[in-house]
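Novice: Can you keep this structure in mind? I'll have questions shortly.
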Amino acid sequence: MSTPTVATKEFQELSTLAILNIRELVTMDSKYGVPRVGSQMNDLGIVHKAAVVIHKDTIIFVGTMKEFDREFSHRDFPIIINGEHRLVTPGFVDPHTHIIFDGTRENELQMKLSGMSYLDILNSGEGILKTVKATREASISKLVENGHDILDRMLEYGTTTIETKSGYGLTVEDEIKSLKTMKILDKEHPIEIIPTFLGAHAIPPEYAGRSDDYVDLIISNMLPLIKEQNLAQFCDVFCEKGIFSVPQTRKILQAAQDFGLDIQIHIDEIVDTNGAQLAADLNAVQTGHLLKSNDTGLRAMAEKQVVATLLPGTPFCMMLREYAPARKMIEIGIPIALATDLNPNCWTESMQMILALACYKMKMNPAEALTASTINAAFALRRHDDVGSIEVGKQADLVLFDVPNHNYLPYQFGVNHVLKVIKKGDIVVDFE
Ligand code: NIG
Ligand code: FE
């Protein structure tokens, strides 16, 4: 970065927090526009020996220490954070999670070890349906309590914005309960929550054998209420052989679009249902999984710039050999994001772990993985004007890591490298 970017002098008078002498600052600046695709994912907009100044909840200066000294000489900041030997990045954005549930499923680990597949487990009445039973029985305050526990850990691991989904209620009442839980959590917790309605997550037991009737319930009863009460930004569907078919998915998502919701889809996880083409045809904002997507569909996604949100924690927990073909997708020019997919089948709060899996299992390099978990993930939620990069005027969401450079984040895995997390200008996690 050649010239410092500083807001107005008036702002400087009121400056409250400065991070100085940062060894490596990853800005993800917007020189390429958003999202970053192909080789742009490798350029993190790095500044060495850098400084960041924050006023209230906004970033007002990003530059080198030399530039900082010229702009702010002899100015006393009430809070100065030492960035020596450290890495600073934008807060992680986790754009695909399922955190609203009750109960756990650790028993399924043994089922997986004995060779049962994800669908075998679901068809035996365990899996999603077990979580649905527990979530229906849970009060809203229990779901809020569970959500706080998860969000606290996410924040400690450097995540400052998430998307999360309903989908363990599957009745009008329980889906609304789940979406209301998100609203409460968004108010009470520092992490910002983008809410998604995933009524089409599984066929509820009482609709077994008549899934079209359940699709009608979603369209005629759930969507209008969600719209009326402004409970979701996105609508999502688990489009998979034996779950929701392509025509059912199309019907639900077109209805959701008519209600003004953005759309996303779980596609091609177990079988190629031509989900990538469907996502492109429907102008979905983002898609999840994509292990089996065909090349024609992937090219259509690239053309429409539909985000492929890759979820390597899920094949890891399902003990699969196969992961989404990240290298091919990057080559084709699809915008790639990364997410935890946190759910009772794949339970991790750690985007650092997901970065490691992206590198070790999908052969993404650390820079690509970091791009996919910050600015591109913000794009997948259409929040890139506010979060996902460290630039003047943006919301001050950033993480200070106790590592010398970004390669270190996935390299030393299974530990938490976070020292401090700053959300909207407040230090919300401090391990120093
Ligand atoms: O994205 N595939 C569908 N939904 C979740 C898993 C939900 C569950 O198993 O509870 C996913 O992996
Ligand atoms: Fe998911």
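No value in this document is a laboratory result; all are computed from the given coordinates. What you are looking at is a predicted structure, and each value in this text was computed from that prediction instead of being measured. FYI the Cβ positions are ideal-geometry reconstructions off the backbone, even for glycines, and counts take in every protein chain you see.
Novice: Identify, among 238, 221, 267, the residue whose Cα sits farthest towards the positive end of the charge dipole of the range 210-281, taking +1 on the Cβ of Lys and Arg and -1 on the Cβ of Asp and Glu, with the dipole about the Cα centre.
Specialist: The one lying farthest along the dipole's positive direction is 221.
Novice: If one takes the longest principal axis of the Cα atoms in the chain, at what angle in degrees, from 0 to 90 and to the nearest 10, does the Cα axis of helix 246-258 lie?
Specialist: It works out to around 50 degrees.
Novice: So, one more: Residues of the range 268-289 with amide nitrogen under 17 Å from the 7 Å Cα-to-Cβ point of residue 304?
Specialist: Within reach of a label on residue 304, which here means backbone N under 17 Å from a point 7 Å along Cα→Cβ, the range 268-289 contributes 268-269, 273-289.
Novice: Amide H to amide H under 5 Å from residue 263: which residues, 5+ apart in sequence or cross-chain, H placed 1.01 Å off N in plane?
Specialist: 235, 285
Novice: Next up: Mind giving me the nanometre distance, one decimal, between the label points for residue 30 and residue 229, set 7 Å out from Cα along Cα→Cβ?
Specialist: Placing both labels 7 Å along Cα→Cβ, they lie 3.5 nm apart.
Novice: For the chain, which cysteines have no disulfide-compatible partner, meaning no other cysteine Cβ under 4.7 Å?
Specialist: Lone cysteines by the Cβ rule: 235, 239, 359.
Novice: To continue, here is another question. Hey, what angle do you get for helix 172-188 against the long axis of the chain, alpha-carbon based, 0 to 90 degrees rounded to 10?
Specialist: The angle comes out at about 10 degrees.
Novice: Would you please give the residues with an amide H less than 5 Å from that of residue 273, counting only those at least 5 places away or on a separate chain, with H modeled from the backbone geometry?
Specialist: 268
Novice: A further question follows. Nearest 500 deg cm²/dmol is fine: what mean residue ellipticity at 222 nm does the chain get from its DSSP H runs of n ≥ 4 alone, each adding -39,500 (n - 2.57), divided by its residue count? List each step's numbers first, then the result.
Specialist: On the way: 18 runs with 154 residues, N = 432.
Helix-only estimate at 222 nm: -10000 deg cm²/dmol.
Novice: Residue by residue through the range 408-424, which ³J(HN,Hα) values in whole Hz follow from phi under the Karplus form 6.51 cos²θ - 1.76 cosθ + 1.60 (θ = phi - 60°), with glycine and proline marked x?
Specialist: In residue order, the calculated couplings are 5, 4, x, 5, 9, 10, x, 10, 9, 8, 5, 9, 9, 10, 10, 10, 6 Hz.
Novice: With a Förster radius of 41 Å, plug the Cβ-Cβ distance of residue 149 and residue 85 into 1/(1 + (r/R0)^6) and report the FRET value to the nearest 0.05. Before the final figure, lay out the partial values.
Specialist: On the way: r = 32 Å, r/R0 = 0.78.
About 0.80, to the nearest 0.05.
Novice: A follow-up question, please. What do the square roots of 5 times the Cα gyration tensor eigenvalues come to for the range 155-234, in whole Å, largest first, as semi-axes of the equivalent ellipsoid? Present the calculation step by step, with values, prior to reporting the outcome.
Specialist: Values: eigenvalues 141, 35, 17 Å².
That gives 27, 13, 9 Å for the three semi-axes.
Novice: Got a sec? How would 34, 62 order by Cβ neighbour count within 10 Å, fewest to most? Walk me through the intermediate numbers first.
Specialist: Values: 34 17, 62 25.
The fewest-first ordering by Cβ neighbours comes to 34, 62.
Novice: Still on this structure, I have one more. Pop out the Kirkwood hydrodynamic radius of the chain from its pairwise C-alpha distances, inverse of mean 1/r, in Å to one decimal. Don't jump to the answer; show the numbers that get you there.
Specialist: Details: mean 1/r = 0.0456 Å⁻¹.
21.9 Å is the Kirkwood radius here.
Novice: How much FRET efficiency would the formula 1/(1 + (r/R0)^6) give for residue 71 and residue 365, where r is the Cβ-Cβ distance and R0 is 51 Å, rounded to 0.05?
Specialist: Working: r = 34 Å, r/R0 = 0.67.
Once the sixth-power term is evaluated, E becomes 0.90.
Novice: Nearest 10 degrees, 0 to 90: what angle lies between the long axis of helix 351-362 and the longest principal axis of the chain (Cα atoms)?
Specialist: 70 degrees
Novice: What GluC sites (Glu not before Pro) in the range 14-104 are in a loop by DSSP, with at most 15 other Cβ atoms within 10 Å of the Cβ?
Specialist: Working: sites: 24, 67, 71, 84; in loops: 84.
Passing both the DSSP loop test and the Cβ count: 84.
Novice: Within 10 Å of each candidate Cβ there may be at most 15 other Cβ atoms; applying that plus a DSSP loop requirement, which trypsin sites (Lys or Arg not before Pro) in the range 26-128 survive? Let's see the in-between values first.
Specialist: Numbers: sites: 31, 36, 49, 56, 66, 70, 75, 86, 105, 112; in loops: 36, 56, 75, 86, 105.
Hits after loop and neighbour filter: 56, 75.
Novice: What is the gain in length, in nm to one decimal, between residue 183 and residue 331 on full extension, counting 0.36 nm per residue of separation less the C-alpha to C-alpha distance? Show your work: numbers first, answer last.
Specialist: On the way: separation 148, 0.36 × 148 = 53.28 nm, distance 3.83 nm.
Taking 0.36 nm per residue and subtracting the Cα distance, the gain is 49.5 nm.
Novice: Taking the Cα centre of each part, how many Å lie between the range 83-122 and the range 263-282?
Specialist: So the separation of the two Cα centres works out to 21 Å.
Novice: Okay, next question. Starting from the Cα-Cα distance between residue 117 and residue 133, subtract it from 0.36 nm times their residue separation and give me the gain in nm to one decimal. Show your work: numbers first, answer last.
Specialist: Values: separation 16, 0.36 × 16 = 5.76 nm, distance 2.08 nm.
That pair, residue 117 and residue 133, stretches by 3.7 nm at full extension.
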